[in-house]
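S.K.: Here it is, the structure in full.
The values are calculated or read from the model by the stated rules, or taken from the named source; none is laboratory data. Treat the numbers as computed from the prediction; the structure is a model and nothing was measured. Reconstructed Cβ throughout: ideal geometry from the backbone, glycine too, with neighbour counts over all protein chains shown. Surface areas here come from the heavy atoms of the whole protein model, side chains and all, with no ligands, DNA or RNA. Shrake-Rupley method; radii C 1.70, N 1.55, O 1.52, S 1.80 Å.
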Amino acid sequence: MRGGEGRRVLRDAGRASVHLLVGAGLAVVCYVMIGLVLLAAAATLSLIGAGMLPETVRLLRGLAGFERRRTAARLGSPVPERYLPLDRGSLLERIRAAGSDPGTYRDARWLVAHLLYGLLFLYAAMVLWPLGLLVDGVGCGLAGRRPVLLPRIGDLATLQARLSRTLLLPSPSARLAERIDELAATRAGAVAAHGAELRRIERDLHDGAQAHLVALSMRLGLARRAYDHDPASGRALLDAAQDQAEEALAQLRHVVRGIHPPVLTDRGLVGAVRALAAGSGLEVEVTVHGTADRPGEGEGADGARPPAAVEAAAYFAVAESLTNAARHSGARRASVALERADGLLLVRVRDEGRGGADENEGTGLLGIRRRVAALDGTVRLTSPVGGPTVVEVELPCVW
C-alpha cells in the first residue's frame, strides 16, 4: 500500500479491531450476565431473593448503557434510552417496574444477541487481517490498486454498532411517550415565557408610555387654562406637551419593537440582524450562508422568507447574545453567522470576550432557550473561562 493511504487504512482497521475486541469482551460479560438474570428471576419467583431483580436490572442497564456509548462513538450519533425508575416506592413497586419495563426486555434481547454477534464479528476480523495484509499489501503496493479487504474490518465494526443501536433503541411507544414529555416541557416553557413577556409589556406601558400620556394630559389642561389670560405661558406649555407626546410615541415604538420589531417586517432577518450589529456597540461581522444575502429581503435562496415566528426567535436570540456580549464579556469584536441548511435555520453568535457565561444566571439565555424550545429548536452555549463564548441556535424551518 502506498504511503499516506496505507497508513490511513491500517489506522482505521486498527480502530475498528479495537471496537470489535471490546465487543467480544463484552460478549463474555453478557454470558455471565445472562446467568445472573436467570438467577435473579428464579430467586424472585421463589420469593427468597426478590430484591435481586431490581439490582440485577440496574446492572443490566449499566451494561447496555456502556454499549450505547460505544455505539454512539462509532456511529457519531447518540443512542437514546428510556427506562422506568427503579428507586421509587416499595420493594414490590420496584420489582414491578423492573419486570414490566419494555426497556428491560429490549436490553435482555440485546444481551442474548450480542453474546452471538459480538464474538462472530471478532472472528471474522481475525480472518480478514492476514488476508488483508497479504492481498492489499501486494495489490496496492505492487499493482497500485485500492485496498479491498482491510476496509471491510471497519465495515464489520460499523455493522456491529448498527445492530446494537437497532436492538437498544427504545420502542416506538416509549419514544412517543418521551416526545410527549418533551412537548409538555416546551409548552410549559412557552407559557412561562409568554407570561413573562406580557408582564414586561404591561410594565413598559405602565412605567413609560402611560406616564408620558398622563403628563401630556396634565400639560394640555394647564395650557388650555392659561391660554386665555397668558398666551405666552400657554404656548410654552403646548411646546412642552408636544415634547411629551414625542416621548410617549418613542416609548410606544420601543414597546412595539419588543413585541415584533418592525425592521423584521421591513427588511427581513438578514437586514434586521445587520441593523442589530450596527447598533450593538461592538465590531460585528455578519456572514450569511444558504440564505440570500440581500438587504431588505432576508429571503431563502428560492425567494421565500422564513416563517415570522422563526425570524422573531432568531432575531431575539441574536439581540440577546449581542447585548450580553456588550455588557458582560468585555469583548470588542463579535460575529454572527446565519445559515439555511436541510430545513434548519442555524444562528451562531460568537464573541471574543472573557467567557464563563452561565445560562442559569439571569433571564436572557433562559428566555432564548424557552423561545427556541417553543419552536422545537435547540440552543447550545459554549463559554469556557477565557473565552470565546459561542451561542448556537437551530430552528426547524421549511421555507
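S.K.: If I filter region 302-337 down to residues being surrounded by fewer than 16 Cβ atoms within 10 Å (Cβ to Cβ) and in contact with a helix residue (DSSP H, G or I) (Cβ under 8 Å, 6 or more places away or on another chain), which single residue comes out as modelled with the lowest pLDDT?
M.R.: ALA308
S.K.: May I pose another question? Which residue pairs have Cβ atoms closer than 9 Å, lie 6 or more positions apart in sequence or on different chains, and pair a first residue in region 380-393 that is more than 18 Å from LEU346 (Cβ to Cβ) and in contact (Cβ under 8 Å) with a residue 40 or more places away in the chain with a second residue that is open to solvent by 60 Å² or more (accessible area, probe 1.4 Å) and among the charged types (D, E, K, R)?
M.R.: From region 380-393, the pairs are GLY387/GLU352; GLY387/ARG354.
S.K.: Check off (1) of a type outside the set (D, E, K, R); (2) in a helix (DSSP H, G or I); (3) modelled with pLDDT under 85 for ILE34 and give me the number that stays unchecked.
M.R.: (3) is the only condition that ILE34 fails.
S.K.: Going through region 377-399 one residue at a time, which ones are assigned to a strand (DSSP E or B), open to solvent by less than 50 Å² (accessible area, probe 1.4 Å) and not hydroxyl-bearing (Ser, Thr, Tyr)?
M.R.: Correct list: VAL379, LEU381, VAL390, VAL391, VAL393, LEU395.
S.K.: Let me ask something else. Of all the helices (runs of 4 or more DSSP H) wholly in region 161-260, which have at least 3 residues that are more than 30 Å from GLY23 (Cα to Cα) and modelled with pLDDT of 75 or more?
M.R.: Where helices (runs of 4 or more DSSP H) fall fully within region 161-260 and carry at least 3 residues being more than 30 Å from GLY23 (Cα to Cα) and modelled with pLDDT of 75 or more, they are 210-227, 231-259.
S.K.: Could you please find all residues in region 20-30 being open to solvent by less than 40 Å² (accessible area, probe 1.4 Å), under 33 Å from the mean Cα position of the chain (by Cα) and farther than 13 Å from ALA124 by Cβ?
M.R.: LEU26, the sole residue that qualifies.
S.K.: What's the number of the condition ALA357 fails, among (1) under 20 Å from THR382 (Cβ atoms); (2) modelled with pLDDT of 75 or more; (3) in contact with a His (Cβ under 8 Å, 6 or more places away or on another chain); (4) among the hydrophobic types (A, V, I, L, M, F, W, C)?
M.R.: The number of the failed condition is (2).
S.K.: Which pairs do you get when a residue that is under 17 Å from ARG7 (Cα atoms) and in a helix (DSSP H, G or I), found in region 122-151, comes within reach of a residue that is at pLDDT below 80 and of a type in the set (Lys, Arg), reach meaning Cβ atoms under 9 angstrom, with the pair 6+ apart or on two chains?
M.R.: Partner pairs satisfying both residue conditions: ASP136/ARG145; ASP136/ARG146; GLY139/ARG145; GLY139/ARG146; CYS140/ARG2; CYS140/ARG146; GLY141/ARG2.
S.K.: When the residues of region 127-155 are filtered to those that are open to solvent by 30 Å² or more (accessible area, probe 1.4 Å) and either among the charged types (D, E, K, R) or modelled with pLDDT of 90 or more (or both), which remaining residue is farthest from TYR31 (Cα to Cα)?
M.R.: Within region 127-155, the match that is farthest from TYR31 (Cα to Cα) is ARG145.
S.K.: What about GLU81, is it closer than 29 Å to ARG11 by Cα and crowded, with 16+ Cβ neighbours inside 10 Å?
M.R.: It is false that GLU81 is closer than 29 Å to ARG11 by Cα and crowded, with 16+ Cβ neighbours inside 10 Å.
S.K.: Tell me which residues, restricted to region 360-376, are under 14 Å from ALA319 (Cβ atoms), open to solvent by less than 50 Å² (accessible area, probe 1.4 Å) and either modelled with pLDDT of 75 or more or in contact with a Gly (Cβ under 6 Å, 6 or more places away or on another chain) (or both).
M.R.: LEU365, GLY367, ILE368, VAL372
S.K.: Of the residues THR56, THR44, THR71, THR104, which is open to solvent by less than 40 Å² (accessible area, probe 1.4 Å), β-branched (Val, Ile, Thr) and at pLDDT 90 or above?
M.R.: THR71
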